[in-house]
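Notes follow the structure.
Here, each number is a calculation from the coordinates, and none is a lab measurement. This one's a predicted model, so the numbers in the text were calculated from it and none came from an experiment. Heads up, the Cβs are rebuilt from the backbone with ideal geometry, glycines too, and the neighbour counts pull from every protein chain shown.
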Ligand code: NDP
């Protein structure tokens, strides 16, 4: 291993790296080889207390700064992040196993976009003035206080920034707990923010398993919880947050539909299906894993898809040519292999892939099942791996009903050349994030999030401000006050 992957210390609290080796050790495994590349320690109750105290102590002074001052720090951090894109991308690849070809354009860059966008927005946050005859009401946009961010393992840098940037722009402080599987990247985000001038205590990172997350979520001094994770974890965290009536953002899982009509451009539709199923080895929450293809073009679509998958370069994620890497962990690989077995046992047709690669690391082949029916397990449950289920349909009303027949509602996509149909279908989707003739774009300017079991609230865009601030209204009487007695 030539690149230093062992962090300076496990946690970042009150502006500095902090270690406490009495916490449970967490080994960081490079998914491409199975080697241990670093060890961090879960936060002890004393460290969690320290993080909460410093975040609380720092909040009032941070909120008292002007938006311009806060924004300047975030934008400075964005600049540093862009400058260090190579090193941060290498670290992201070691943390997650995702190919450098992806991490160099999608992780630190996306984190920097969020810091830049919300850094720019910080100075524009205002209340409003409401005239009521000669009296008036003004509103103040105030921070929520102390926010906790809890991340999944697929986009550790991006998630740390997507939560941190809007929270900090609004004058909140944050304690971020990365997934235990990918603990390295968020520490770099904290380090860079402080290098950019962030006051100590405003953004802290503590490591740990679910129990550390649970300790943060249940602490009465925490005002908001933003989770990116699975639906079962979301249910637990949402319920725990409700005890103290905390604000929440829940970015959870999905089983999103991608509908390809008979008039679609097949090459573009195949590109959409590849991006929506195999990018990051399929470990993307918004993936369009139920691919509904019109019967008239199904075989043509499958033929082109199989041919295009031949072009996947599977291998060492650090090689610039590699376009498909390993699964994040052995555990996740085995979960996905279990689903592949179920797909075969329930009668789906295996078009390609379906096996583990005979090499070190947690590699699976990109896998496509055709002739999938709506009730099969692989069409109902989130797999979170490189497994595409192709279903066929004949009629728009029929496919819309089937597409929406799921507990999830994160994303959805449609490929067609018919303009009216494209917008009609997008309007009919029960999903928070939709795509027309594209898939999985996630620009910071656009709201991102789910409906139904896929989540509550939105990340990114102006809308995120609503989820990291609250409005106080102040009634101002200009004349005498009448009372009944
Ligand atoms: P998990 O739900 O297993 O974990 C998410 C985070 O929550 C982890 O940091 C985990 O800690 C923590 N956690 C677990 N239990 C608790 C608890 N009781 N209280 C507080 N925190 C807890 O998800 P994965 O990490 O396995 O990520 C995959 C899932 O995330 C998929 O379902 C995917 O769809 C979803 N996801 C959603 C996205 C979105 O934006 N909608 C984006 C990316 C992923 P630890 O793991 O360390 O124990």
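Averaging over every viewing direction, what projected area does the convex hull of the Cα atoms of segment 265-387 cover, in nm²?
Taking a quarter of the hull surface, the average projection is 7.4 nm².
Protection proxy ranking for 383-394, 45-56, using the average of other Cβ atoms within 10 Å per residue and placing the highest first: 383-394, 45-56.
Pop out the Kirkwood hydrodynamic radius of segment 403-485 from its pairwise C-alpha distances, inverse of mean 1/r, in Å to one decimal. Let's see the in-between values first.
On the way: mean 1/r = 0.0633 Å⁻¹.
This gives a value of 15.8 Å.
One Cα centroid belongs to segment 377-415, the other to segment 228-276; the line between them spans 12 Å.
Would you mind telling me the antiparallel percentage of the DSSP bridges in the chain, rounded to 5?
Details: 28 of 65 bridges.
Among the beta bridges of the chain, antiparallel pairing accounts for roughly 45 percent.
Compute the acute angle (0 to 90°) between the alpha-carbon long axis of helix 85-96 and the principal axis of greatest extent of the alpha-carbon atoms of the chain; round to the nearest 10°. Result, in degrees: 70. Summarised in one figure, the compactness ratio Rg/Rh of segment 122-205, Cα atoms and Kirkwood Rh, is 1.17. In percent, rounded to a whole number, the relative contact order of segment 390-472 is 26, using alpha-carbon pairs under 8 Å and six or more apart.
Mind pulling the per residue volume of the convex hull built on the Cα atoms of the chain? Å³ is fine. Walk me through the numbers before you get to the answer.
Numbers: hull volume 80.9 nm³, N = 485.
Value for the chain: 167 Å³ per residue.
Here segment 372-421 is treated as an ellipsoid with the same Cα gyration tensor; its semi-axes, largest first and in whole Å, are 21, 13, 11.
Determine, for each peptide in 150-160, 337-347, the mean count of other beta carbons within 10 angstrom over its residues, then list the peptides with the highest first. Please report the intermediate quantities before stating the final value.
Working: 150-160: 26.4, 337-347: 15.8.
Those peptides, ordered most packed to least, come out 150-160, 337-347.
Put a dot 7 Å past the Cα of residue 306, heading toward its Cβ, do the same for residue 359, and the two dots end up 2.3 nm apart.
Evaluate the relative contact order of segment 1-127 (contact order divided by residue number), counting alpha-carbon pairs under 8 angstrom at least 6 apart; express in whole percent. Kindly include the intermediate steps, with their values, before the conclusion.
Details: 146 pairs, mean separation 29.7, N = 127.
23 percent.
A Förster radius of 45 Å combined with the Cβ-Cβ distance from residue 68 to residue 417 puts the calculated FRET efficiency at roughly 0.45. The orientation-averaged projection of the convex hull spanning the C-alpha atoms of segment 223-303 amounts to 6.7 square nanometres. Mean sequence separation of contacting Cα pairs (under 8 Å, at least six apart), scaled by the length of segment 367-421, corresponds to a relative contact order of 32 percent.
Between residue 473 and residue 239, the FRET efficiency estimated from the beta carbon spacing at R0 = 30 angstrom works out to 0.50.
Full extension of the chain between residue 374 and residue 321 gives 15.4 nm of extra length, using 0.36 nm per residue less the Cα-Cα distance.
Quick one: if the Förster radius is 30 Å, what FRET efficiency do residue 485 and residue 139 give, using the C-beta to C-beta distance and rounding to 0.05? Spell out each step's value before the answer.
On the way: r = 32 Å, r/R0 = 1.06.
Computed FRET efficiency for residue 485 and residue 139 comes out at 0.40.
A helix-only calculation puts the chain at -12000 deg cm²/dmol for mean residue ellipticity at 222 nm, using -39500 (n - 2.57) for each DSSP H run of at least four residues, averaged over all residues. Counted over all Cα-Cα pairs of segment 84-145, pairs farther apart than 13 Å make up 72 percent. Here the simple spin-label model places points 7 Å from the Cα toward Cβ, and for residue 39 and residue 466 these points are separated by 4.8 nm.
Just to be sure I understand: of the beta bridges DSSP finds with both ends in segment 92-179, what percent are antiparallel, rounded to 5? If we restrict to bridges inside segment 92-179, about 45 percent are antiparallel.
Order 468-478, 372-382 from most to least packed using the mean count of other Cβ atoms within 10 Å. Intermediate values should be presented prior to the final figure.
Numbers: 468-478: 13.4, 372-382: 17.5.
Going from most to least packed, we get 372-382, 468-478.
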